[in-house]
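Every read-out reported here was derived from the displayed coordinates using simple, explicitly stated rules and does not represent laboratory data. Computed from a prediction, not measured in an experiment: that's the story for all the values here. Please note: Cβ atoms are built from the backbone with ideal geometry, for glycine as well, and neighbour counts cover all protein chains shown.
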Amino acid sequence: MKKLFILLILFFTTFLSQAQEFNCSVSVLAPQIQTSDRKVFETLQTALYEFMNTRKWTNYTFKVEEKIECSFTLTINERPAIDEFKGTLNIQLRRPAYKTSYNSVLLNYIDKDIQFKYIEFQPLDFAENTFTNNLTSVFAYYAYVCLGLDFDSFSPNGGTPFFEKAQAVVTQAQNVSEKGWKSVESNKNRYWLIENLINSAYSQIRQANYKYHRLGLDQMYENVDKGRLSISDALELLQKAYREKPGLLSVQLFIDAKSDELINIYSKASPQEKAKIINVLSEIDPANVGKYQNILNMN
């Protein structure tokens with residue numbers, strides 16, 4: 001009994017020390033698909049969950065509490081053939097604020113160009129140096145984007161190795177028929193998202209990520225005003241990027257993820273600070289001017 005207990009302790013110690021990077025929930029929904037056998041969607045959900053959570057994506061060792069929180073919701077809208085599926089993928093990435101139970105959204109994006117082939121129980125293979133299939137390439141691409149955004153939020157340009165891996169996935173997919181990978185298809189797809197993030201001409205966006213989270217949110221536990229000031233600096237960096245090239249996908253995604261949070265952050269700011277930040281937000285996110293104006297009425 002004692003030997004068994006020791007073996008169990010060793011097993012769980014080894015397991016925890018090798019904990020993978022993600023705590024990723026995966027959902028596969030198919031509300032529009034008429035079929036009596038929905039088991040294929042359950043099987044696919046389990047396979048994708050294991051793909052995201054059991055694969056080793058980096059050379060780093062993560063503690064259980066350090067795992068990156070994210071959710072992937074795959075919605076199947078069409079099934080043109082028994083092994084072919086089309087739909088959308090919603091990716092949400094969250095990051096904890098230092099010494100709090102609060103999780104800040106880093107990314108909340110819907111990819112509308114999802115198309116793949118899948119046969120129930122087939123292995124979900126992915127290789128870094130070659131295009132294997134569209135399903136795993138899409139999920140691997142977003143895994144690397146999530147890693148890059150998370151690492152960037154903790155250290156300046158810390159996510160570069162993972163953005164480079166995401167860019168490599170895009171490069172390998174340039175000759176495939178499925179949409180979402182090519183620059184000519186759209187100015188808001190996988191190609192342009194990673195291009196925005198890795199292009200040194202838009203370095204202010206990645207600087208803003210670090211200032212907003214590490215120097216801003218993480219500091220608010222001890223000094224709210226100091227943390228909010230760093231968040232204001234981060235938003236001004238986004239404003240500079242926006243002025244240099246309006247319509248950047250990465251700027252819009254940053255603001256989409258933060259708009260509600262920003263209202264709470266500035267609700268107790270001084271009138272001068274509120275007025276200044278409303279001007280910044282109204283310029284880079286004109287669609288939500290009315291929402292930001294509400295900050296003036298909050299105490």
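Give, to the nearest whole percent, the P(r) tail of segment 135-211 beyond 21 angstrom, counting all Cα pairs. Every Cα pair in segment 135-211 considered, those over 21 Å come to 24 percent. Counting neighbouring Cβ atoms within 10 Å and putting the fewest first, the residues 104, 36, 27 line up as 36, 27, 104. Ignoring lysines fewer than eight residues from residue 117 along the same chain, the ones with Cα atoms less than 19 angstrom from its Cα are 39, 86, 179. Positive-end ranking of 141, 30, 163 along the dipole of the chain, with charges on Cβ about the Cα centre, is headed by 163. Counting only aspartates and glutamates at least 8 places from residue 165 when in the same chain, those with an alpha carbon closer than 14 Å to its own are 128, 195.
Positive end of the dipole of the chain (Cβ unit charges, origin at the Cα centre): among 103, 202, 91, the Cα lying farthest that way belongs to 103. Which whole-number percentage describes the relative contact order of the chain, with Cα contacts under 8 Å and a sequence gap of 6 or more? Normalised by residue count, the contact order of the chain is 12 percent. From its DSSP helices (H runs of at least four residues, each -39,500 (n - 2.57)), the chain gives a residue-normalised ellipticity at 222 nm of -15500 deg cm²/dmol.
Can you give the angle from 0 to 90° between the axis of helix 134-154 and the longest principal axis of the chain, with both taken from C-alpha atoms, to the nearest 10? Relative to the chain, helix 134-154 is tipped by roughly 40 degrees. In percent, rounded to a whole number, the relative contact order of segment 204-299 is 24, using alpha-carbon pairs under 8 Å and six or more apart. Of all the options 102, 212, 191, the one that moves most in a Gaussian network model of the chain with Cα springs shorter than 10 angstrom is 102. I'd like the distance between the alpha-carbon centres of segment 27-47 and segment 49-69, rounded to an integer number of Å. With segment 27-47 and segment 49-69 each reduced to a Cα centre, they are spaced 25 Å. Note on segment 71-191: Cα Rg divided by 2.2 N^0.38 Å, N the number of residues, gives 1.14. Helix 271-284 against the longest principal axis of the chain: what's the angle in degrees, Cα atoms only, rounded to the nearest 10? In the chain, helix 271-284 runs at an angle near 50 degrees to the longest axis.
Note on the chain: with charges restricted to the Cβ of Lys and Arg (+1) and Asp and Glu (-1), its dipole about the Cα centre is near 480 debye.
Between 68, 284, 263, the Gaussian network model of the chain with springs among Cα atoms under 10 angstrom shows the greatest mean-square fluctuation at 263.
Residues considered: 140, 275, 81. Largest GNM mean-square fluctuation over the chain, using C-alpha springs under 10 Å, is found at 81.
In the chain, the longest principal axis of the Cα atoms and the axis of helix 203-213 are about 90 degrees apart.
Of all aspartates and glutamates in the structure, those lying under 20 Å Cα to Cα from residue 63, and not within fewer than 8 positions of it along the same chain, are 21, 50, 150, 152, 218. Evaluated with a Cβ-only charge set (Lys, Arg +1; Asp, Glu -1), segment 204-299 carries a dipole of roughly 140 debye about its Cα centre, given to the nearest 20. Ranking 259, 132, 114 by how far each Cα lies toward the positive end of the dipole of the chain (charges on Cβ) leaves 259 at the top.
Of the options [x] 16.1; [y] 31.4; [z] 19.5, only one is mean projected area of the Cα convex hull in nm² as computed from these coordinates, and that is [z].
Taking GluC sites (Glu not before Pro) as exposed when their DSSP state is a loop state and no more than 15 other Cβ atoms lie within 10 Å, the longest site-free interval of the chain runs over 1-119. Once the trypsin sites (Lys or Arg not before Pro) in DSSP loops with at most 12 neighbouring Cβ atoms within 10 Å are cut out of the chain, the longest remaining piece is 100-299.
Distance from the C-alpha centroid of segment 215-239 to that of segment 120-199: 29 Å, rounded to the whole angstrom.
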